[in-house]
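Asks: Okay, handing you the structure first.
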Amino acid sequence: MTKTIWGGIVISAAAVLLPMQAEAQVIISTRCTVDNVDTNQKAEWRVEWARKCGTIQNVGDPAAWFDTAQAAATGGTLKDYRESDPIRNPTGEGAFTGPLYEFKVNYSTMFALYLSGPTYQYQDSRGYYYWLRDSWRKKGRALYPTFSTTSVIEAQDNVQLFPHPNVMSSDPAVRAQATCQLYTDKNGQIPTTTPVHVNGYCESACYTPEQRILFSDGYVSILDAFNGLREDLITLSSDSTLDNLKLQQNRTYSYTKEIRDAEHTIYVITTRSGGQLRVTHEHPVINGEGRMVQAQTLKVGDELVKSDGSLDPIVDVQKTLHYGKVYNIAPETTDLVSNVLVAQDYLVGSVRFQNDEVAYINRIILYRGMPAEVIP
């Protein structure tokens, strides 16, 4: 299976997640602190704006659809639109969806906003087909496209671009007036006159580069694991409890990488044994109650859980700054317990607890023989 380099991100040709198809190789997604969208609703508005701009500027005709041959939950087959020809324009100059999604407008929208599930099809006021899924299938955190002036993120002349602030306005009438122009400043004052490219789709990430994650042959820094696209991730088994922790060989589903160097607030958590975690404020961590909590909520006297099940009291919590990139990882399995990883010998949650499973933060994940109906 060939692998290509797009915008500095390694992407397996088989790693694109189709709406109804599982992938075969590791996916790389991105985190975008410089182009941070601070609420899920705003991320959805940007995705909707990108879909609209893609159809207006690059499709141009509601009848220019192609048949995906996939069944629509509303009957018939799903119709999609392609913004650009991957052969003639492989970097996607001028497109509002990226090469990762083969410039498919509706397909990219579903991947950004929803988990898998039945896909419904309708037509908008302009006659274009669009897709929806049930609201309960929405991702805990939507992905959203980020733009720049070149297709190569690391290029010296690459400049971050932003949609006009109206795109994320809470007033639907204001959002409807937003143009497809991109700007070099967040305030929408300096329009770009150069070609535009989608550099990736953004989500959260957590670890500083030196933090070590458990793989089949021992601990590996998250940066080295990312660079090597390590797939042999170790997680808890799905039947683990605090009384009976069991590690299993899993498989890496995805890595998340910060798209540009940026300043991050990092929590440095030191324990009585001398161990230490360095993670971003929202990083999910298992505490001594078996509860999944955000790192920013931990305090001196709380306990972390080590990989052998022992509890290690926190003796110091410091907040510091890290300039650079941060990373995260998710296993192939999707149940909550097997999305608990081992970092620096402590049990922590995968990136899924910050995105798809954000609702489970501050809930008991590892419990001691407690009836399921009483778990908060």
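Asks: Inspect the range 16-31 for any residue being in a loop (DSSP other than H, G, I, E, B) and at pLDDT 95 or above and give the result as yes or no.
Replies: no
Asks: I'd like to check which strands (runs of 3 or more DSSP E) are fully inside the range 105-208 and have at least 3 residues that are more than 24 Å from the chain's Cα centre (by Cα). Before the answer, list the steps.
Replies: Working: elements: 120-123, 129-132, 144-148, 160-163, 197-202.
Correct list: 120-123.
Asks: Just one of THR91, THR68, THR97 is more than 15 Å from the chain's Cα centre (by Cα) and modelled with pLDDT of 95 or more; which is it?
Replies: On the way: THR91 fails: modelled with pLDDT of 95 or more; THR97 fails: modelled with pLDDT of 95 or more.
Exactly one of THR91, THR68, THR97 is more than 15 Å from the chain's Cα centre (by Cα) and modelled with pLDDT of 95 or more, namely THR68.
Asks: Return the pair list, or none, for Cβ contacts closer than 6 Å from residues in the range 280-301 that are more than 24 Å from TYR323 (Cβ to Cβ) and modelled with pLDDT of 90 or more to residues that are assigned to a loop (DSSP other than H, G, I, E, B) and not β-branched (Val, Ile, Thr), at least 6 apart or on different chains.
Replies: Sorted first by the residue in the range 280-301, then by its partner, the pairs are ASN287/ASP302; GLY290/LEU242; GLY290/LEU366; GLY290/TYR367; VAL293/ASN362.
Asks: Kindly list, by first and then second residue, each pair from a residue in the range 30-59 that is closer than 18 Å to SER84 by Cβ to a residue that is of a type in the set (D, E, K, R), limited to pairs with Cβ atoms under 7 Å and residues at least 6 apart or on different chains.
Replies: GLY54/GLU83; ASN58/GLU83; VAL59/GLU83
Asks: So for the range 193-209 (the condition being surrounded by fewer than 17 Cβ atoms within 10 Å (Cβ to Cβ), free of Cβ contacts under 8 Å to residues at least 24 places away in the same chain and not assigned by TED's automatic domain parsing to the domain that holds VAL348), does at least one residue qualify?
Replies: Looking for residues that are surrounded by fewer than 17 Cβ atoms within 10 Å (Cβ to Cβ), free of Cβ contacts under 8 Å to residues at least 24 places away in the same chain and not assigned by TED's automatic domain parsing to the domain that holds VAL348, one finds at least one in the range 193-209, hence yes.
Asks: Counting just the residues of the range 221-241 that are crowded, with 20+ Cβ neighbours inside 10 Å and among the aliphatic types (A, V, I, L, M), which one comes out farthest from the chain's Cα centre (by Cα)?
Replies: LEU236
Asks: Looking only at the range 129-176, count how many residues are under 17 Å from ASP261 (Cβ atoms) and surrounded by fewer than 18 Cβ atoms within 10 Å (Cβ to Cβ).
Replies: The number of residues fulfilling the criteria is 6.
The values are calculated or read from the model by the stated rules, or taken from the named source; none is laboratory data. Computed from a predicted model, the values in this text were never measured in an experiment. Note that we place each Cβ from the backbone using ideal geometry, even for glycine, and neighbour counts take in every protein chain shown.
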